Amino acid sequence: MAGRIKDEDVQAVKAALRIDAVVGDYVQLANGGGGQLKGLCPFHDEKSASFYVNPSKGVYNCFGCQESGDTLGFVMKIEHLSFVEAVERLAPQVGITLRYEGGSYVPGRQQGERTRLLEINRLAAAWFQEQLNSPEAEIGRRFLKERGFEREAAAHFAVGYAPAGFENLTRLLRGKGYTDKELLTSGICSEGRRGPMDRFRARLIWPIRDLTGEVVGFGARRLREDDNGPKYLNTPETPLYKKSHVLYGVELAKKEIAKSGRAVVVEGYTDVMACHLAGIPSAVATCGTAFGEDHIKILRRLLLDTNGSDAKVVFTFDGDAAGQKAALRAFEDDQKFAAQTLIAVSPGGMDPCELRIGEGDEAVRNLIDRASPLFEFAIRSTVARHNLDTAEGRAAALDACAPIVAQIKDGSIRHEYAVQLAGMLGILDERFVVRRVQQVAQWAAERREGRGSVRGQQRPGQQRPGQGPQQPAAPARPAFRLDARNPQQFVERELLKLAVQFPALVAPILDAFSPEEFMTPPYAAVREALTAGGGVTAGAEAADIWVDVLREVAPDDAVRGLITELAVEPIRTRRAPDAIYAGEFLVQLRLQAVARRVAACRVQLQRLGPNASAEQTEAIQRELWGLQQYEGELRSRGAAAL
C-alpha cells in the first residue's frame, strides 16, 4: 500500500511540470488560439481535434468526451495509475525526492506497484546493456555487426545481452530488495521449479519503451542453435506491458513523426534500427503482434491525424506471399487513418535491414520515399492472382476487386480507382466497371443499415463492418453545452472564461455581480464557485493557482468539469483579451439584467391595472425611470458606468 506523500512535495511536482510537456509525450499539440493548445483526444477516437490544453492554467479538457483535469489527473487517467503512483512517476523527471507522512522516503516500502515494476525494468535494461560488453556476448556483438550495427548504434538503441545462466538477473534484483512476486509480475522472471528464474537467457535484448521513454518490456532474439525457444521471445502481458498498446522505437520516433507528418511502420527491431540509421527516424515496429486498432490510435495522436491533414503512414512488408498478406490486412485498417496510407515493398523481397546491408542507406530511403498508395497495392495484388488473358479471368478479377474499391469511403477517390481498375483489367467500358463498383458499395451500405433495429440506425453497442471493437463508454460527466443561438448564454460563457483565464481583466467589478445575473444554471454555479474561491480579485493576485482553487471549491464533478472547460476554451477574439474586451461583456451582462428588470416592472404595472394605488404606481415608475437612466449610461459610458 502506497503511503501519503507530503502535500508540499505534491505541489512542488505539479509546479515544476508544464502540462503541455507532459501531454505532449502522448499527443501532438498544435496552436488552438488564445494561448490554448489542441490535439486529438487520447481518451476517445475522433477525426477532428477537440482536446484542449491550457499551459498557463495547467489543465486540459476534451469537448468531445468531457474528460478533464490537471497534470496529475492526466497521467493517472492515461497510464491507469493511482494518485501516489502518478506523483512517483513524475517526481524523478523534475529531480524531486518525495517524502511521506510519518518519515522519510523508504524505497520498497511505500512506493506503488507500478513504480516498483518500472524500477525493475530500468535496472534490468541497464544490466543487459552492460552484459553486451562481456566475453560471453561476443555472439551477440557479431550478430549486430553482421547486420551493420556498430557499438554506437547498439548503445543508441540500448541493445543488451542476457547471459546463459538461470539466476544471474534474479539474484541481482533480489539483492536490491525486490520480492519474488514482483519479479514474476514484472515478466523479467518466469516460474521455475525452485522459484523465479531469468526469463531471457543467452539472447540479444531490446528494451521496449512507452511514449515517455520508460522501459515497459523487452524483446529477446535467439542467437544459439541449441536454443529450442522461439526466434523472438517477448515480455508476457504485465501491468506495464501490453503488446497491442506499444510500438518499438516510438519514444525515439515521436518527435520526428510529429515534425514530418510521416510514420513508417516496419516489422522488426533491426528494421527500426536500420531505418533510423539510414535517415528515417520516424520508423516504429509492433512487438510480436499484428498492427491493430490501438497502434492506430497511438500514431493518429502523434500525427495530429485530422481530416484535411497532410499526414502519411507508410507500411513496409516483405515482398513474399506472407508479406503481401500482411499488407492486405493493413488495408482493412487503412481508412481508420485520415492520413494517406502507403506501402513500401522491396522488389527483391528484402526487409529494410537486409536492404541496408545489401544496397546501403540510400536504398532504404528510396524504398520509403517511393511507397505507393495502399489502395493501389491491394488492387494490383488481387488482380495479379487472375489470368487476364481470358474473359473468365477478367470477370473473376473484377468480382474480387470491386469489393475492395467499394470500401473506399471518399466517393471521388473510389471513382478514380474504379477507372484505374478498368485499365488494369483491360476492360474498355470504364462506365461498366464504375457502375459495378457503385453497385457493390450500395449493397454494402444497405447491409450495414439493415443491421439496425431501424433502417439506417445502429443498435446500441453494435459494431459496424470495418470498425474496431467498441470501447466501454467512459462515465458521463454532466456537461452544459452552449446554445450558439442564445446570446445570453454566449455572454455568460465568455465572461466566465475571462474570469477563469484572465481574472485581472474582470476584477473587482465581477465580484459585485450577483449569481442571479447569470441566468443559465450551470454558469450561475460557476459564478458561486468564483465567490467560494475568494472572488476574481483573489484570483488576479494568485493567477498561477486560480484554476486549482476553483476546481477545489467546486461543489461537484459537473461544475468542476465546466470550470476546466472554461479554462481551456479559447477566448472569442482575434486580438489578445484586454480590459476593453472584458468591459464589453461586463456591460452586456448588466444590460441583460437591466432589460429583464425593466420587463418585470412593466408586467407588474400591467398586473396592477387601473385599480392600483397612486403610491404603488409611482414607486414602480420611479424604478423604471432609474433603470432606463442606468441603461443609457451603460450604453454611452460602457464599463465606466458599472
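Looking at 589, 550, 566, 562, just one residue is assigned by TED's automatic domain parsing to the domain that holds residue 492 and more than 25 Å from residue 19 (Cα to Cα), and that residue is 589. The set of residues from segment 446-474 being hydrophobic (A, V, I, L, M, F, W, C), under 26 Å from residue 297 (Cβ atoms) and either surrounded by fewer than 13 Cβ atoms within 10 Å (Cβ to Cβ) or at pLDDT 50 or above (or both) comprises just one member, 473. Is it the case that segment 253-263 has a residue that's charged (D, E, K, R), closer than 19 Å to residue 207 by Cβ, touching a strand residue (DSSP E or B) at 6+ places or on another chain (Cβ under 6 Å) and at pLDDT 90 or above? No, segment 253-263 contains no residue that is charged (D, E, K, R), closer than 19 Å to residue 207 by Cβ, touching a strand residue (DSSP E or B) at 6+ places or on another chain (Cβ under 6 Å) and at pLDDT 90 or above.
Test residue 77 against the criterion of being touching a helix residue (DSSP H, G or I) at 6+ places or on another chain (Cβ under 6 Å), among the charged types (D, E, K, R) and not assigned by TED's automatic domain parsing to the domain that holds residue 117, and give yes or no. No: the conditions fail for residue 77.
The number of residues in segment 1-56 being part of a loop (DSSP other than H, G, I, E, B) and either of a type in the set (Gly, Ala, Ser) or in contact with a Leu (Cβ under 7 Å, 6 or more places away or on another chain) (or both) comes to 18. Residue 400 meets all of the listed conditions (1) assigned to a loop (DSSP other than H, G, I, E, B); (2) under 27 Å from residue 347 (Cα atoms) but one, namely (1).
As a summary of the residue check, residue 496 satisfies the conditions (1) in contact with a Leu (Cβ under 7 Å, 6 or more places away or on another chain); (2) surrounded by fewer than 16 Cβ atoms within 10 Å (Cβ to Cβ) except for the one numbered (2).
Scanning segment 227-253 for residues that are more than 24 Å from the chain's Cα centre (by Cα) and not acidic (Asp, Glu) yields 228, 229, 230, 231, 232, 233, 234, 235, 236.
Taken over segment 609-642, the residue count meeting the criterion of being without any contact (Cβ under 8 Å) to a residue 12 or more places away in the chain and over 23 Å from residue 508 (Cα atoms) is 14. When residue 174 is tested against the conditions (1) surrounded by fewer than 23 Cβ atoms within 10 Å (Cβ to Cβ); (2) more than 30 Å from residue 355 (Cβ to Cβ); (3) touching a strand residue (DSSP E or B) at 6+ places or on another chain (Cβ under 7 Å), the lone failure is (3). Among the residues of segment 277-299, those that are surrounded by fewer than 24 Cβ atoms within 10 Å (Cβ to Cβ) and without any contact (Cβ under 8 Å) to a residue 40 or more places away in the chain comprise 281, 290. Considering segment 510-557, the residues that are assigned to a loop (DSSP other than H, G, I, E, B) and acidic (Asp, Glu) include one that is farthest from residue 11 (Cα to Cα), namely 556.
Restricting segment 287-302 to residues that are farther than 11 Å from residue 337 by Cβ and of a type in the set (Val, Ile, Thr), the residue that is modelled with the lowest pLDDT is 289.
If you go through segment 208-226 and pick out every residue that is in contact (Cβ under 8 Å) with a residue 24 or more places away in the chain and within 17 Å of residue 143 (Cα to Cα), you end up with 5.
Would you call residue 165 buried (at least 21 other Cβ atoms within 10 Å of the Cβ) and farther than 24 Å from residue 21 by Cα?
In short, no.
Could you tell me which numbered condition residue 305 fails, if it satisfies all but one of (1) assigned to a loop (DSSP other than H, G, I, E, B); (2) closer than 23 Å to residue 161 by Cβ; (3) among the acidic types (Asp, Glu)? Going through the list (1) assigned to a loop (DSSP other than H, G, I, E, B); (2) closer than 23 Å to residue 161 by Cβ; (3) among the acidic types (Asp, Glu), residue 305 breaks only (2). Here residue 603 fulfils each of the conditions (1) over 34 Å from the mean Cα position of the chain (by Cα); (2) modelled with pLDDT of 90 or more; (3) of a type in the set (A, V, I, L, M, F, W, C) apart from (2).
Sort out which residues of segment 558-580 are surrounded by fewer than 18 Cβ atoms within 10 Å (Cβ to Cβ) and part of a helix (DSSP H, G or I), and write them in order of number.
Selection gives 558, 579, 580.
With the requirement that a residue be in a loop (DSSP other than H, G, I, E, B) and under 24 Å from residue 414 (Cα atoms), what does segment 342-386 give you? Listed by number, the residues that qualify are 370, 371, 384, 385, 386. Suppose the filter is buried (at least 22 other Cβ atoms within 10 Å of the Cβ) and either over 14 Å from the mean Cα position of the chain (by Cα) or free of Cβ contacts under 8 Å to residues at least 60 places away in the same chain (or both); does residue 28 pass it? For residue 28, the condition - buried (at least 22 other Cβ atoms within 10 Å of the Cβ) and either over 14 Å from the mean Cα position of the chain (by Cα) or free of Cβ contacts under 8 Å to residues at least 60 places away in the same chain (or both) - is not met.
May I ask you to list pairs of residues, at least six apart or on different chains, whose Cβ atoms are under 6 Å apart, with the first in segment 153-178 being over 27 Å from residue 249 (Cβ atoms) and the second being exposed (fewer than 14 other Cβ atoms within 10 Å of the Cβ) and not β-branched (Val, Ile, Thr)? Listed pairs, sorted by first residue: 177/108.
The values are calculated or read from the model by the stated rules, or taken from the named source; none is laboratory data. None of the values given here were measured: they were computed from a predicted structure. Note that we place each Cβ from the backbone using ideal geometry, even for glycine, and neighbour counts take in every protein chain shown.
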